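Structure first, commentary second.
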Amino acid sequence: MPVRVLAFFDTRYQSSAELARLVGTADPWRELREARPLSRQYGPMNWPSSLGTYDLADPTQTAAVVGMAVQAGIDGFVVEARPADGGYVTGAEPLAAISRPGLFGLAFRWQNGHDAFWTASASAAARKKRARALVAALSLGAPVEADGRRILIVDHPRQLANASESLALLRQEAAKAGLPGLYLIANRAEDAGLPEQGYDAAVDPSPGEWASCPPKNNPSGLDILEIQAGLRDLVEMTDKFYPYPLFAITRMVNREKRGKVFPRVFPAYQDWVSHAEGGATLLVNHDGAGSVDRYIYGLFVENAITFAHETFAPGERLVFLESWNHWLDGSQVEPSVLDGDLIYDATRQAIDKGRYMTLTRGERPSRRLDPSVHQRIAQICDAAAAAAAATKASAK
């Protein structure tokens, strides 16, 4: 089975009263249009080009979005399941209507961090009711499955009270609903104890959640004085600027040592819009600009695909693209005014090349050794050590 590439997707770009009630705006494109950098260190916000400011409520516009993603080699979108009064809202209905098994499907990311019904104080009856509602929300459209099960990413694993019991409850409700099962993935893969809690795997955190190298800005005492005097920008002290090539490369190396963690790749990232008070994460190139390093990005995608192919079981070979349309953090792959089709084409070419490499290499032994192999290696080492000791003793 080939490596499948899933892209995180923001369903708010549609005229939906229910979504507008949850996110506080009826026009998400307006939020992008009105976002203005507070610092000269920030690049300008991008804007969609060929797809335009689409409305997913229009089937023809949704078809254009999905069609372009399929042409890039993307197998499905990961959409958010947001808690609402009576259950969960995904906004995935327009996508579900045109999803097709084996061609394009849906996976979900549960925003459990704002879900009060899954805290320690919530009753068992309340959690069971919410589990049933969440499973119902996950039943939309053709699924992208892992190991034959529907994919659900838990966004905040540490905030899920009684994680083992909660995950078991979700699986039970999925079985009652007639689903083939849930494949549960923990976001923020650096959290400890995830396998023991019942997760099937983890996925790399987003750039804003986990830094893989030191930031390039480390203000000295003089820099701080200049900032206080207004001679330099305050964001140089409050925000974190990372060199994109180093950031991406450090995520590519020694991946096999981190356990069963799916790669997350991204062409760019700058979340200053959601961090007006400081603490933003920005990936920059050698010249300090936020432009995309297409060569490194292409290697990033190719490496993730070959790693997933060589490391995971055939039904669990997944790579996650940070976003198809997260315009407010600059990680979008959709064609844009500033970049044209460059990022889109780099993504398509890298996915094609990565898959071609896996086809020409064929099936290779897994990088991860199972316990029986480790045991055999230990036996060989013990035998060699005993033989060496015997040789040394006879020499005396």
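The values are calculated or read from the model by the stated rules, or taken from the named source; none is laboratory data. Please read these numbers as outputs of a predicted model, since none were measured by experiment. Glycine also receives a Cβ, built like all others from the backbone with ideal geometry; neighbour counts cover every protein chain displayed. Side chains are part of the model used for accessible areas, which takes the heavy atoms of the whole protein and leaves out ligands, DNA and RNA. Shrake-Rupley method; radii C 1.70, N 1.55, O 1.52, S 1.80 Å.
List of remarks:
- Any chance residue 80 is in a strand (DSSP E or B) and open to solvent by 20 Å² or more (accessible area, probe 1.4 Å): yes
- Residue 40 being surrounded by fewer than 18 Cβ atoms within 10 Å (Cβ to Cβ), out of contact with any Pro (no Cβ under 6 Å at 6 or more places or on another chain), basic (Lys, Arg) and outside any loop (DSSP other than H, G, I, E, B): no
- Scanning the stretch 85-114 for residues that are in a loop (DSSP other than H, G, I, E, B), over 20 Å from residue 18 (Cα atoms) and open to solvent by 30 Å² or more (accessible area, probe 1.4 Å) yields 101, 102, 103.
- Of all the criteria given as (1) closer than 30 Å to residue 347 by Cα; (2) assigned to a helix (DSSP H, G or I), the one not satisfied by residue 117 is (1).
- When restricted to residues that are under 19 Å from the mean Cα position of the chain (by Cα) and either at pLDDT below 95 or polar (S, T, N, Q) (or both), the stretch 92-113 contains 3.
- Test: residue in the stretch 166-178 that is on the phi > 0 side of the Ramachandran plot and surrounded by fewer than 16 Cβ atoms within 10 Å (Cβ to Cβ): yes
- Failed item, numbered, when residue 29 is tested on (1) farther than 18 Å from residue 324 by Cα; (2) among the aromatic types (Phe, Trp, Tyr); (3) not in a loop (DSSP other than H, G, I, E, B): (1)
- The single condition from (1) touching a Lys or Arg at 6+ places or on another chain (Cβ under 8 Å); (2) of a type outside the set (D, E, K, R); (3) open to solvent by less than 30 Å² (accessible area, probe 1.4 Å) that residue 22 fails is (3).
- Selection over the stretch 135-147 of residues that are touching a helix residue (DSSP H, G or I) at 6+ places or on another chain (Cβ under 7 Å) and either under 24 Å from residue 97 (Cβ atoms) or among the hydrophobic types (A, V, I, L, M, F, W, C) (or both) gives a count of 4.
- So residue 60, is it open to solvent by 20 Å² or more (accessible area, probe 1.4 Å), within 18 Å of residue 326 (Cα to Cα) and β-branched (Val, Ile, Thr): no
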